[in-house]
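Colleague: Next up is a structure, given as structure tokens.
The values are calculated or read from the model by the stated rules, or taken from the named source; none is laboratory data. Note that this is a predicted model, so its numbers are computed, not measured. Cβ placement follows ideal geometry from the backbone for every residue including glycine, while neighbour counts extend to all protein chains displayed. Calculation scope for accessible area: heavy atoms of the full protein, side chains included, ligands and nucleic acids excluded. Shrake-Rupley method; radii C 1.70, N 1.55, O 1.52, S 1.80 Å.
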Amino acid sequence: MLIPHPLLGPRDAQEFTYLGDAALLNRPEGGDEAAFHAYTHLRDNPAGPHRELWYHEQGDRSWLVVTRDTATHEIVAAELAMDVKGAAR
Amino acid sequence: MQFNGLRLLWEGLTGHKGWGPLWRDPDPKPEYDILVVGGGGHGLATAYYLASIFGQARVAVLEKGWLGSGNIGRNTTIIRSNYLLPGNEPFYEFSMKLWEGLEQEFNFNAMVSQRGILNLCHSDGQRDAFRRRGNAMLLAGADAELLDRDGVRAMYPYLNFANARFPIKGGLLQRRAGTARHDGVAWGYARGADRKGVDIIQNCEVTGFRIDGGAVRGVETTRGYIGAKKVGVAVAGSTGRVMAHAGMRLPIESHVLQAFVSEGLKPIIDGVITFGAGHFYVSQSDKGGLVFGGDIDGYNSYAQRGNLPAVEDVAECGMAILPALGRARLLRSWGGTTDMSMDGSPIIDATPVQGLYLNAGWCYGGFKATPASGYAFAHLLATGRPHDTATAFRLDRFARGCPIDENGAGAQPNLH
């Protein structure tokens, strides 16, 4: 798979480490046990478009939010996670 | 139709004209007592034990494609019970004992072959961990032997004992482990269940659950509505998709695991060998192909095919212990979708919806568990209580802080 890095252009997915669903960006505040259990353990796990976190470990060390189809492996978009997080604020 | 040697001899002399289909192809009835969703190994085993052990007469299996078209036909056929944790090991040993009597039990040749599995260790720390695991296996009634380097060399002299980075220090051997013909297991359970009155309904995809007042009433399918008192879902790989119809988010991600087979070769590996410093396992099929695999690709996938980096990684791991592998040509490779759970262990439990039960989260280790998974799930469906060996596989164990984490990797599914 080639990941279209927003700054570096198409990069081999082997340069990246995969974390999981991009919902992991929205970490709940401490104290709410049920919310933290859902955050840590439960996943939507869709068959289709999936927004997910990839870390460019062997590159510029940026976190990306990649939108990829889990049924076909087609990658439709890649954004810097800091931009996604910033836009959400 | 009962299979036996005399019958085979007779058919051999009369042109094999007397064999009939192994199971019926019935239309769904309007209602059943118990519906099992998923006609793979675990679903068929569940139906078989429901009918044979727990006396359930009105049972059907719903399969979206053809029988055994998922992971039961895609795995690397290894059966073993070499786990460490008390929540796991008694269950897998129960499965091993069921394997040992399986073919007589359902009168079908599943080619169960107890050829032994050898886990290689490559450091002193790993040998200590294997000693501990071997002792845990013995405590659960399984067999285990710790081999030193010479013991390994006597079994497999052609392994790479000169590897400076990953020296072979010894291995943990389970002689009762081995392989089984994966399709034969599906067919044997299907035939056995059918003979006991279970309806196996193929090309019947579940598209929704009818839930009324917090209790399941039946399922919507591509062949119409089917009512049921209880529904058991055993669709590992597609669990996320199916349980989304019931509005459930689960501690599971779907990932792709690849497997490989070489061209047919003369006998070289008579057991199963695993590499301890990476993730690689290999055995040789009765046709002569080396059957091997390694890690999952590592990203969410339902595609049933993987990418080349995982192929390269598996090949490198194989070459690290078995340099002769480099001279063999790869014949085929394929992928299967696995339920990767948050702790690497499965789920066999009731769900918050009354009458709806879940069998899922088998990661890439579901094949060896097929008999015990079916037995334990049938026990749960029939009696409402978990089987004695499966009490730890609860759906709420993550919320309670009681995961069964063999690898100690935490809630990161692609690391299990």
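Colleague: Over 32 Å apart: what share of the alpha carbon pairs of the protein assembly as shown falls there, rounded to a whole percent? Before the final figure, lay out each step's value.
Modeller: On the way: 56297 of 127260 pairs.
Value for the protein assembly as shown (Cα pairs over 32 Å): 44 percent.
Colleague: Distance from the Cα centre of segment B:378-401 to that of segment B:174-247, in angstrom?
Modeller: One Cα centre to the other: 18 Å.
Colleague: Where the centre of each part is set by its Cα atoms, how far does segment B:37-66 sit from segment A:1-16, in angstrom?
Modeller: 45
Colleague: Counting DSSP beta bridges in chain B, what percent are antiparallel, to the nearest 5? Don't skip to the answer; put the middle values down first.
Modeller: Working: 51 of 71 bridges.
Roughly 70 percent of the DSSP beta bridges within chain B come out antiparallel.
Colleague: Name the aspartates and glutamates eligible as straight-distance cross-link partners of B:LYS29: C-alpha to C-alpha under 16 Å, and not fewer than 8 places from it in the same chain.
Modeller: Within reach: B:GLU63, B:ASP194, B:ASP199, B:GLU205, B:GLU220.
Colleague: If the chain between B:TYR225 and B:MET319 were fully stretched, how many nm would it gain, using 0.36 nm times the residue separation less the Cα-Cα distance?
Modeller: Between B:TYR225 and B:MET319, full extension yields an extra 28.6 nm.
Colleague: At a cut-off of 50 Å², which residues of segment A:32-60 become less accessible once all protein chains are present than in their chain alone, using a 1.4 Å probe?
Modeller: Going by heavy-atom accessible area, the residues of segment A:32-60 that drop by at least 50 Å² are A:HIS41, A:LEU42, A:ARG43, A:ASN45, A:ALA47.
Colleague: What is the spin-label model distance, in nm, from B:GLN412 to A:LEU2 if the labels are put 7 Å beyond Cα along the C-beta direction?
Modeller: Once both label points are built, they end up 2.9 nm from each other.
Colleague: At a Förster radius of 22 Å, what calculated FRET efficiency corresponds to the Cβ-Cβ distance of B:LEU13 and B:ASN109, to the nearest 0.05?
Modeller: Values: r = 20 Å, r/R0 = 0.90.
Once rounded, the FRET efficiency stands at 0.65.
Colleague: So, in nm, how far is label B:LEU330 from label A:ASP12 when the simple model puts each one 7 Å beyond its Cα toward the Cβ?
Modeller: Spacing of the two 7 Å Cα→Cβ label points: 1.5 nm.
Colleague: With a cap of 16 neighbouring Cβ atoms within 10 Å, and only residues DSSP puts in a loop, list the trypsin sites (Lys or Arg not before Pro) found in segment B:303-351. Show your work: numbers first, answer last.
Modeller: Working: sites: B:ARG305, B:ARG327, B:ARG329, B:ARG332; in loops: B:ARG305, B:ARG329.
Those that pass, being in a loop and sparsely packed, are B:ARG305, B:ARG329.
Colleague: Taking only protein heavy atoms and a 1.4 Å probe, what accessible area per residue, in Å², does segment B:307-365 have with all protein chains in place? Show your work: numbers first, answer last.
Modeller: Values: 2320 Å² over 59 residues.
Result: 39 Å² of accessible area for each residue.
Colleague: Something else now. Per residue of B:118-124, what is the mean number of Cβ atoms on other protein chains within 10 angstrom of that residue's Cβ? Intermediate values should be presented prior to the final figure.
Modeller: On the way: counts 0, 0, 0, 0, 0, 0, 0.
Mean shielding by partner chains, rounded to a whole number: 0.
Colleague: With a 1.4 Å probe and all protein chains left in place, how much of the accessible area of segment A:2-88 comes from carbon and sulfur atoms, in whole percent? Each step should come with its number before you reach the end.
Modeller: On the way: 2470 of 4600 Å².
About 54 percent, which is the carbon plus sulfur part of the accessible surface.
Colleague: Just flag the chymotrypsin sites (Phe, Trp or Tyr not before Pro) in segment B:169-243 sitting in loop per DSSP whose Cβ has no more than 13 other Cβ atoms within 10 Å. Before the final figure, lay out the partial values.
Modeller: Numbers: sites: B:TRP187, B:TYR189, B:PHE209, B:TYR225; in loops: none.
Sites meeting the loop and neighbour criteria: none at all.
Colleague: Right, next: Summing -39500 (n - 2.57) over the DSSP H runs of n ≥ 4 in chain B and dividing by its residue number, what mean residue ellipticity at 222 nm do you reach, to the nearest 500 deg cm²/dmol? Walk me through the numbers on the way to the answer.
Modeller: Details: 9 runs with 110 residues, N = 416.
Value at 222 nm, helices only, nearest 500: -8000 deg cm²/dmol.
Colleague: Using only protein heavy atoms and a 1.4 Å probe, how much accessible area in total is buried between A and B, to the nearest 100 Å²? Display every interim value, and only then the final one.
Modeller: Numbers: alone 5920 and 17800 Å², together 21640 Å².
It comes to approximately 2100 Å² buried between A and B.
Colleague: Continuing with this model, one more query. Using the crude model of +1 on Lys and Arg Cβ and -1 on Asp and Glu Cβ, and no other charge, please compute the dipole size for chain B relative to its Cα centre, in debye to 20.
Modeller: Details: 42 positive and 39 negative charges, 90 e Å.
Its charge dipole is roughly 440 debye.
Colleague: With a point put 7 Å past each Cα toward its Cβ, work out how far B:LEU22 is from A:GLU33 in nm, to one decimal.
Modeller: 4.9
Colleague: Something else now. Quick check on my link table: of B:LYS196/B:LYS230; B:LYS97/B:LYS230; B:LYS287/B:LYS368, which ones sit more than 26 Å apart, alpha carbon to alpha carbon? Walk me through the numbers before you get to the answer.
Modeller: Details: B:LYS196/B:LYS230 19 Å; B:LYS97/B:LYS230 28 Å; B:LYS287/B:LYS368 21 Å.
Violating the 26 Å limit, Cα to Cα: B:LYS97/B:LYS230.
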